[in-house]
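A.B. asks: Have a look at the structure that comes next, please.
Read-outs: derived from the displayed coordinates by stated rules, not from any lab. Remember, it's a predicted structure, so these values are computed and weren't measured experimentally. Note that we place each Cβ from the backbone using ideal geometry, even for glycine, and neighbour counts take in every protein chain shown.
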Amino acid sequence: MSIVVFWAAIALVLYAYVLYPLLVRVLSRKFGRLPDIGTQTPPLTVVIAAHNEATRIEARIRDILAQDYPPQHLRVIVVDDGSSDRTAAAAAIADPRVRVLRLEQNQGKAAALDAALAEIVDGLVVFADARQRFAPGALRSLTAPFSDPAVGAVSGELMIAGAGAAGADIGLYWRMETALREGEARLHWLHGVSGAIHAMRRELVPVLPAGLILDDMYLPLAAVRAGSRVWMAREAVAYDTPSASTGEEFRRKLRTLAGNWQLMARLPWLCNPFRNPVFLAWFSHKFLRLVVPWALIAALIASAVAGGTFYAVLFLLQLAGYCAAIAAILWPRATARIPLLKTAGTFVTLNLAALLSLPACLALDPRGLWKNH
C-alpha cells in the first residue's frame, strides 16, 4: 500500500509542475490564438486602494498621469481606506483628472475598490497598487487587446526592479510560471491576473464581496464566467521592489494561497467542471498547487515505510533535497552559485505556504491581508 501511495503522490506532483505546463505549451502552440491588437485609446480610470501610503501616493499618481495616453481619456481615483496618516491629503494633487475618496474606517481592499467602482459608469477600469510604478507605454499596451470584442480583461506583467529588463535574475520558477500563464492566455484558459496592473471592461466588473482576499482572481473569473477572454499583455509592465525580507515574501505567498481557499468557498462553481469554463486550468494550476505539499509529505512517509533498498535511497534523496532547499532559504548568498538550488528553495517555500494556507484562510483577518500585497 505504501508503494502505491508513494507513486500516486509523485504522479500528482509531476502532473501539477511538469505535465500540465507541457500540455499547455503543446496545445497553445498548436491551437492558441492571439487577440486582435489595435491602437485605440478608450477612456479609462485607474483605481488605487491605499492605506497609510502618504509617503509614496503622490509619486504613484504622477507616474500614472505621465503615461503616454490621451489626457482627456485618463482619470485616476484613489480611495483612502481609513488611513491614519495624510494619504488623502497627499493624493489630492492639483489635477482635475484625479479624484480622492476617503473611507473613515479601514474596511479592506475590496470595500475600497467598490467605493471607486461606484463612481465609474463605463470605459475601462485599470487596477493598480500604490507600491509599483508603470513602465513607459504600459497603459497603451494594456488597453490595446480590448480592440478585440472577445477580450474582457487584460493582465500586465509584474517585474522586480533590479532584475534586468530581460528578467534574467527572476529565477527559473518565475520564468516557468510566466510561460504557463502566457500559454493559458493563448488557449482562453487564463483565469488570474497581476494585481499590480490589470484592466477590465466596466460592464463586466462585479461588486466585490467584503473581506475578499484575491480581487486579482475574483475579477478575471467574473469575466471568464461572462463568456469573455482574459489576455496577458506582457508589454504592459509594472515595476516592483524586492521584498524587504524572506518573511515578507513568505507572507505574500501565504496570502495568495489562502485566498484560493476563500475563492472556493465564495465561488463553489469553480469546483464544478460543468459550470467552470476553465475548470481544467483552474484545477491543474491553482487547486493542485494547494494539494501538492500533502502529496510531498505522503511520498516522504511512504518511502520511509515501504522497505527495501530502493525506497530507502529515495527517502534519503528526498531528505537531502529538502536540506539543500532549506540551506538556499537560510543562506541565499552562500548558495547562490549552486545550480537549481534557488529554484529548490522557492519550491519548498511555496509548498510550505500552501501547507499553511488553509489554516491561514480560516484564522487571519482578510482586511489586513491585502495591505502587504
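A.B. asks: Counting Lys and Arg as +1 and Asp and Glu as -1, each charge on the Cβ, what is the dipole of region 7-154 about the Cα centre in debye, to the nearest 20?
C.D. replies: Its charge dipole is roughly 580 debye.
A.B. asks: Quick one: what are the phi-derived ³J(HN,Hα) couplings along region 73-82, Karplus 6.51/-1.76/1.60 with θ = phi - 60°, whole Hz, x for glycine and proline?
C.D. replies: With coefficients 6.51, -1.76 and 1.60, one gets 10, 10, 10, 10, 10, 10, 10, 7, 8, x Hz.
A.B. asks: Under the rule of at least 5 residues apart or a separate chain, name every residue whose amide H is placed under 5 Å from the amide H of residue 46.
C.D. replies: Sorted by chain and number, the residues that satisfy this are 75, 76, 77, 126.
A.B. asks: Read phi for every residue in region 132-141 and hand back ³J(HN,Hα) as whole Hz from Karplus 6.51 cos²θ - 1.76 cosθ + 1.60, θ = phi - 60°, with x for Gly and Pro.
C.D. replies: Karplus-based 3J(HN,Hα) across region 132-141 equals 8, 9, 8, 6, x, x, 4, 5, 4, 5 Hz.
A.B. asks: If the chain between residue 249 and residue 338 were fully stretched, how many nm would it gain, using 0.36 nm times the residue separation less the Cα-Cα distance?
C.D. replies: Details: separation 89, 0.36 × 89 = 32.04 nm, distance 2.18 nm.
Here the answer is 29.9 nm.
A.B. asks: Kyte-Doolittle cut-off 0.0, length cut-off 20 Å along the helix's own axis using Cα: show which whole DSSP H helices in the chain pass.
C.D. replies: 288-305, 309-330, 341-363
A.B. asks: To one decimal place, what orientation-averaged projected area in nm² is obtained for the convex hull of the Cα set of region 209-259?
C.D. replies: Answer in nm², one decimal: 5.1.
A.B. asks: How do 228, 357 line up, fewest other C-beta atoms within 10 Å first?
C.D. replies: Least to most surrounded, the residues fall as 228, 357.
A.B. asks: Let me ask something additional. What number, rounded to the nearest 500 deg cm²/dmol, is the helix-based mean residue ellipticity at 222 nm of the chain, given -39500 (n - 2.57) per DSSP H run of at least four residues and division by all its residues?
C.D. replies: On the way: 14 runs with 172 residues, N = 373.
Calculated mean residue ellipticity at 222 nm is -14500 deg cm²/dmol.
A.B. asks: Taking 0.36 nm per residue of separation and subtracting the Cα-Cα distance, what length does fully extending residue 72 through residue 11 add?
C.D. replies: Value of the extension gain: 16.5 nm.
A.B. asks: Contour minus end-to-end for residue 297 and residue 104, with contour as 0.36 nm per residue of separation and end-to-end as the Cα-Cα distance?
C.D. replies: 64.9 nm
A.B. asks: Give me 5, 47 ranked fewest to most by other Cβ atoms within 10 Å of their Cβ, as a rough exposure proxy.
C.D. replies: Placing the least packed residue first, the sequence is 5, 47.
A.B. asks: With each pseudo-label sitting 7 Å past Cα toward Cβ, what's the residue 234-residue 305 distance in nm, one decimal?
C.D. replies: Each label point lies 7 Å from its Cα, and together they span 4.6 nm.
A.B. asks: Also, I was wondering about something else. Output the relative contact order of region 41-188, whole-number percent, from Cα pairs under 8 angstrom with separation of 6+ residues.
C.D. replies: Values: 210 pairs, mean separation 40.3, N = 148.
Reported relative contact order: 27 percent.
A.B. asks: Further question: Show me the ranking of peptides 199-210, 182-193 by mean Cβ neighbours inside 10 Å, starting with the highest.
C.D. replies: 182-193, 199-210
A.B. asks: Could you order peptides 90-96, 251-257 by the average number of other Cβ atoms within 10 Å of their residues, highest first? List each step's numbers first, then the result.
C.D. replies: Numbers: 90-96: 15.3, 251-257: 20.6.
The packing order, highest mean first, is 251-257, 90-96.
A.B. asks: If you take the square roots of the eigenvalues of the alpha-carbon gyration tensor of region 205-296 and sort them as a ≥ b ≥ c, do you get rounded (a/c under 1.5), prolate (a/b over b/c) or oblate?
C.D. replies: On the way: a/c = 1.65, a/b = 1.24, b/c = 1.33.
It is oblate, given that a/c is not under 1.5 and a/b is not larger than b/c.
A.B. asks: May I pose another question? Report the Rg/Rh value for the chain, based on alpha-carbon coordinates and the Kirkwood definition of Rh.
C.D. replies: Dividing the radius of gyration by the Kirkwood radius yields 0.99.
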